[in-house]
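The values are calculated or read from the model by the stated rules, or taken from the named source; none is laboratory data. The model shown is predicted, which means the values in this text are computed figures rather than measured ones. Positions of Cβ are generated from backbone atoms using ideal geometry, with glycine treated the same way; all protein chains shown enter the neighbour counts.
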Amino acid sequence: MPPFPVYGIMPKRNSVCQREWGRFKYAAFQALALDEWLLDRPDELFRGFLLELMEARYGTAPTVFCTQFRQKDWHARLGGGVHADAIMDRIVHGAAWVGMGEMNMRRKLGGDSG
């Protein structure tokens, strides 16, 4: 399983999700949300999987990335280098970015001081 929660909407009728590396092929989802994106740094094998996934979804289906990290930090958290370049190329072109600002709702509503 990926090191972060994944939520997807299954394809419409007559579509079959194939198994890949012992898990559903995430490229088949009509919409895919990756929660806690890059909370843990992916290893080389998982970066390869991400590259294939982003290539398969590029320009065909929406992928939502939910993260606490700024876009400028993603390349480094992906390990830098060629894989990170290729993954980022497939994410940033045609992307719509929604910034949530600096407010921390846990602190504001929960009284968390820290």
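Quick look at the numbers
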| read-out | value |
| --- | --- |
| Residue within region 52-71 that is over 19 Å from A31 (Cα atoms) and part of a helix (DSSP H, G or I) present | yes |
| Hits in region 13-42 (condition: touching a Phe, Trp or Tyr at 6+ places or on another chain (Cβ under 7 Å) and modelled with pLDDT of 50 or more) | L32, A33, L34, D35, E36, W37, L38, L39 |
| Qualifying residue in region 74-89 (condition: surrounded by 17 or more Cβ atoms within 10 Å (Cβ to Cβ), assigned to a loop (DSSP other than H, G, I, E, B) and either modelled with pLDDT of 85 or more or among the β-branched types (V, I, T) (or both)) | yes |
| Test: G59 is over 27 Å from N104 (Cα atoms), out of contact with any strand residue (DSSP E or B) (no Cβ under 6 Å at 6 or more places or on another chain) and surrounded by 13 or more Cβ atoms within 10 Å (Cβ to Cβ) | no |
